[in-house]
Amino acid sequence: QGALVESGGGLVQPGDSRRLSCAGSGRTFNLYAMGWFRQAPGKEREFVAAISVSGAMRKYSDSVQGRFTISRDDAKNAAYLQMNSVKPDDTAVYYCAASRINVSQRESAYDYWGLGTQVTVSS
């Protein structure tokens, strides 16, 4: 068994930064690619970012490219999403996920999911 728990969400002002964390427990996620997805109110869940097992490959959605950075710390069994220059359109529940398949934008590729953390961007 394994579990992922997201943290770091909250109310953020437009233009500010926030770092989301994803803590793994119950198993080591060192051999899993890690991803972040988000779901805005009334919309389907969408891919945000993913990082490979080695950390050498990273993918981002067009909407966050250049503003968000995904990273991982295998010593802490954790992954992160650094969000800079946030916009109201970034308001969503953010989910962390782990995949045995290397970096993917498909939800079906992910084996473990957290319950999400709410990020609200508003002044």
Q. Beyond 17 Å, what share of the Cα-Cα pairs of region 1-72 remains, rounded to the nearest whole percent?
A. 52
Q. Of all accessible surface on the chain at a 1.4 Å probe, what whole percent is carbon and sulfur?
A. 46
Q. Once both labels are modelled 7 Å past Cα along the beta-carbon direction, what's the residue 31-residue 89 spacing in nm?
A. 4.0
(Q) Straight-line reach only, C-alpha to C-alpha below 22 angstrom: list the lysines that residue 87 could link to, leaving out same-chain residues fewer than 8 apart. (A) 43, 59
(Q) Quick check: convex hull of the Cα atoms in the chain, volume per residue, rounded to a whole Å³? (A) 90
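The values are calculated or read from the model by the stated rules, or taken from the named source; none is laboratory data. None of these values were measured; they are calculated from a predicted model. Glycine also receives a Cβ, built like all others from the backbone with ideal geometry; neighbour counts cover every protein chain displayed. Ligands, DNA and RNA are excluded from the accessible area calculation, which covers all protein heavy atoms including side chains. Shrake-Rupley method; radii C 1.70, N 1.55, O 1.52, S 1.80 Å.
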